[in-house]
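Worksheet for the structure shown next.
The values are calculated or read from the model by the stated rules, or taken from the named source; none is laboratory data. In this text, all values refer to a predicted model and were calculated from it rather than measured experimentally. Cβ placement follows ideal geometry from the backbone for every residue including glycine, while neighbour counts extend to all protein chains displayed.
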Amino acid sequence: MHAAVTTPRIRSITEIDVSGKTVLVRADLNVPMRRKEVADATRLERILPTIRYLVARKSRVVLLSHLGRPSGRETELSLAPVARRLGDMLREVPVSFVPDCIGKTARERLARMAPGEVAVLENVRFYEGEENDDLEFAGQLASLGQIYVNDAFSCAHRAHSSTHAIARYLPACAGLSMQAELAALAAALEQPKRPVAALVGGAKVSTKLAVLENLIAKVDALVIGGGMANTFLLAQGKAVGKSLAEPALVETARRIMAVAEGRGCEVVLPTDVVVADAFEAGARPAVTSVDGVPADRMILDVGPRSAESLRIRLSRLSTLLWNGPLGAFEIEPFGAATFALARAASELTRAGRLVTVAGGGDTVAALNAAGATDGFTYVSTAGGAFLEWLEGKTLPGVAALAESATTTTPRH
């Protein structure tokens, strides 16, 4: 039996009358910057549907976000350049930047907004109260609007004023991007079409222990790749040469495999691997059985037989959850297994035969490198929030929306 989990009831932006209202939207505008310009606008693209939904209803849209980890007010971490880029992306909508996020300046600038306009407030982390989940600071933010919308799942694991405490003061709901994310995650783990498998890769077991322990109770098969697989191979008594591994966690790996077996979850490890004498461009790869890894070589990818076996397994699945690469995909040719499986999953998804949900920084980079991202059912740009969700944790930002949905009047 696999444990069932249910996402708490959360109001959607489509269930609240936003027409003509001033709506505070917590967005994730924490984008990579280069020379004071936005280097990657992926997160900005995710917020556009919610902005356009509100603008179409003549709302005054006020965006809240952080950028980086400032210590006080740091001009190089101002959201002004992000506001400019957002304005370029929303050509049909006036976008202004407000050089503060609370106080007289913010109030006066927002009072001049016309219906259907967008304003980006300055970095909320310029104030100490933000990361302290300070109620007073949250109240100052809330005083600027009439409705609160959280559209930043990637920040939902933080109990900060603009993601958590603010929901005490205003009617709160999820934006379209947050809604899509929660629906995709529910489809992958709460009530998935079975059989369901999780592919978990990455360098170290220690960083994914809670993930593995949570998933073995929920999936039919757990595919372990990356450096993590080496520790599990050690636990099976295999020699892994100079490979990245965590010998101190061998007993933990054995326990995870035993618990998985007891719960009817198959743990899938490679039977052949790609090895090289160094993790660097130009290293000469060789394929070997996991029973014959040379002492002077390191495992850098899943082997072709294992990759083909995984591809066949995919064709028998209904749902796949993916977090982490199978190998060291950053250097050629050690991304072969990851790329082949990503493309196969993408093709099955496009054919309507597989539901695929992926997330995590390395995962997104690997899927992009494989040219497979667009084929997946859903790809989460969230890092920490996605990982904590995989661990089965309650995310403060989601919990705040759920609590607001059961509260008839905002609490002050």
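Odds and ends about this structure:
- Residue within the stretch 206-220 that is modelled with pLDDT of 95 or more, at negative phi and surrounded by fewer than 19 Cβ atoms within 10 Å (Cβ to Cβ) present: yes
- Number of the exception - residue 76 against (1) closer than 30 Å to residue 189 by Cβ; (2) assigned to a helix (DSSP H, G or I); (3) not basic (Lys, Arg): (1)
- No other residue among 342, 337 is part of a helix (DSSP H, G or I), of a type outside the set (Asp, Glu) and within 19 Å of the chain's Cα centre (by Cα) apart from 342.
- Odd one out for residue 317 among (1) within 24 Å of residue 390 (Cβ to Cβ); (2) surrounded by fewer than 24 Cβ atoms within 10 Å (Cβ to Cβ); (3) out of contact with any strand residue (DSSP E or B) (no Cβ under 6 Å at 6 or more places or on another chain): (3)
- Cβ pairs under 6 Å, 6+ apart, first in the stretch 123-146 and farther than 16 Å from residue 105 by Cα, second small (Gly, Ala, Ser) and in a helix (DSSP H, G or I): 133/165; 135/165; 138/165
- Count of the stretch 19-48 residues which are among the acidic types (Asp, Glu) and in a loop (DSSP other than H, G, I, E, B): 2
- Looking only at residues in the stretch 104-158 that are more than 28 Å from the chain's Cα centre (by Cα), assigned to a loop (DSSP other than H, G, I, E, B) and of a type in the set (A, V, I, L, M), the one that is surrounded by the fewest Cβ atoms within 10 Å (Cβ to Cβ) is 114.
- Flag: residue 324 does not match the condition of being in the same structural domain as residue 269 (by TED's automatic domain parsing), free of Cβ contacts under 8 Å to residues at least 24 places away in the same chain and on the phi > 0 side of the Ramachandran plot.
- If you go through the stretch 159-176 and keep only what is part of a helix (DSSP H, G or I) and over 19 Å from the mean Cα position of the chain (by Cα), you end up with 165, 166, 167, 168.
- In the stretch 375-391, residue farthest from the chain's Cα centre (by Cα) [restricted to those that are at pLDDT 90 or above and among the β-branched types (Val, Ile, Thr)]: 377
- The set of residues from the stretch 185-200 being surrounded by 22 or more Cβ atoms within 10 Å (Cβ to Cβ) and at pLDDT below 95 comprises 185, 188, 189, 192.
For (1) touching a residue at least 12 places away in the same chain (Cβ under 8 Å); (2) touching a Pro at 6+ places or on another chain (Cβ under 6 Å); (3) not assigned by TED's automatic domain parsing to the domain that holds residue 47, each residue gets a yes or a no:
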residue: 160; (1), (2), (3): yes, no, no
residue: 169; (1), (2), (3): yes, yes, no
residue: 187; (1), (2), (3): yes, no, yes
residue: 220; (1), (2), (3): yes, yes, yes
residue: 227; (1), (2), (3): yes, no, yes
residue: 233; (1), (2), (3): yes, no, yes
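- Going through (1) more than 25 Å from residue 154 (Cα to Cα); (2) in a loop (DSSP other than H, G, I, E, B); (3) free of Cβ contacts under 8 Å to residues at least 24 places away in the same chain one by one, residue 71 falls short only on (1).
- Subset tally (residues that are free of Cβ contacts under 8 Å to residues at least 24 places away in the same chain and closer than 30 Å to residue 353 by Cα) for the stretch 273-312: 2
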